[in-house]
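A short write-up of the structure that comes next.
Just so it is clear, none of the values below were taken in a lab; they were calculated from the coordinates. What you see is a predicted model, and the numbers here were worked out from it, not measured in a lab. Heads up, the Cβs are rebuilt from the backbone with ideal geometry, glycines too, and the neighbour counts pull from every protein chain shown.
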Amino acid sequence: MSTSAKPVANTRSATGIPSARLITWWVIASEIVIFGGLLASYIMHRLGHPEWADAASHTNTLAGAFNTFVLLTSSLCAVLAHKAADAHDGPRAAKLLRLTALGGLIFLCVKGFEWAKDIHEGFVLSSGGFWSFYYTLTGLHGLHVLAGMVIMLIIASDAAKNEELQRVECIGLYWHFVDIVWIFLFPLLYIAR
């Protein structure tokens with residue numbers, strides 16, 4: 001195969017949409033079902049348990065707000081990486097993807113310190129319904145952040161060599177989804193009292 005030829009999986013699509021983008025949207029749609037179900041369940045339980053407001057008052061709103069800023073900033077880096085990839089500037093796209101992944105690392109470190117503080121204060125998974133949802137939702141979200149970071153660094157490695165630049169858009173879409181989930185989690189878990 002010549003170096004200019006693309007694999008069939010990247011060029012053939014019955015919908016006219018590149019296969020990688022279509023698969024990314026399919027993954028995001030399935031993740032929306034998972035997070036949507038958990039969030040709907042949390043909201044229904046929260047409405048039925050006004051006492052959860054007291055438990056929610058122990059969350060660290062400042063840490064949650066900082067993490068929101070970090071994720072939104074990292075999303076900006078992902079957008080700029082996509083722009084660089086569209087301009088066939090793989091090294092710049094790779095640098096911006098690494099900055100995006102750094103944002104994810106900062107987010108996870110803050111979340112780790114936050115969890116350690118909560119656990120030290122006695123707020124554990126078995127401390128009640130609110131804490132069960134809190135750890136489940138933020139833990140699942142954190143796993144998605146970690147997965148996104150790993151995939152992003154792999155894509156950045158190829159992008160640095162000006163290879164597979166179309167994948168920059170796909171990981172950016174996934175990263176924006178992770179950010180949007182946090183935009184729902186932050187007010188529901190940290191602000192709503």
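Take the chain, connect every pair of alpha-carbon atoms lying under 10 Å apart with a spring to form a Gaussian network, then pick out the residue of I106, I171, I43 with the largest mean-square fluctuation.
For the chain, modelled as a Gaussian network with Cα springs under 10 Å, the answer is I43.
What's the local net charge at G104, with K and R +1, D and E -1, over the other residues with C-beta under 11 Å away?
+1
How big is the gap, in Å, between the Cα center of segment 78-118 and the Cα center of segment 17-65?
That distance is 21 Å.
Arrange the following residues from fewest to most other Cβ atoms within 10 Å of their Cβ: C109, C170. The partial results should precede the final answer.
On the way: C109 12, C170 22.
Starting with the residue having the fewest Cβ neighbours, the order is C109, C170.
Report the FRET efficiency, 1/(1 + (r/R0)^6), for A116 and M44, where r is their Cβ-Cβ distance and R0 is 45 Å, rounded to 0.05. Don't jump to the answer; show the numbers that get you there.
Working: r = 30 Å, r/R0 = 0.66.
Calculated value: 0.90.
Treat the count of other C-beta atoms within 10 Å as a stand-in for reagent exposure and order M44, M152 from fewest to most.
Numbers: M44 10, M152 26.
Placing the least packed residue first, the sequence is M44, M152.
Quick check on the exposure proxy: order D89, D179 from fewest to most C-beta atoms within 10 angstrom. Could you put the intermediate results ahead of the total?
Numbers: D89 17, D179 21.
Arranged by neighbour count, lowest to highest, D89, D179 become D89, D179.
When the expected Rg is taken as 2.2 N^0.38 Å, what fraction or multiple of it is the alpha-carbon Rg of the chain?
Numbers: Rg = 19.0 Å, N = 193, 2.2 N^0.38 = 16.3 Å.
Taking the Cα Rg and dividing by 2.2 N^0.38 Å, one obtains 1.17.
With each label point set 7 Å from Cα along the Cα-Cβ vector, what nm distance links H176 and L76?
Rounded to a tenth, the inter-label distance reads 1.7 nm.
Quick check on the chain: helices-only [θ] at 222 nm, where DSSP H runs of length 4 and up contribute -39,500 (n - 2.57) each and the sum goes over total residues. Nearest 500, please.
Numbers: 7 runs with 148 residues, N = 193.
Value at 222 nm, helices only, nearest 500: -26500 deg cm²/dmol.
If eta is 1.567 mPa s and T is 4 °C, what Stokes-Einstein diffusion coefficient results for segment 105-188, Kirkwood Rh from Cα pairs, in µm²/s?
Values: Rh = 14.4 Å.
The Stokes-Einstein estimate is 90 µm²/s.
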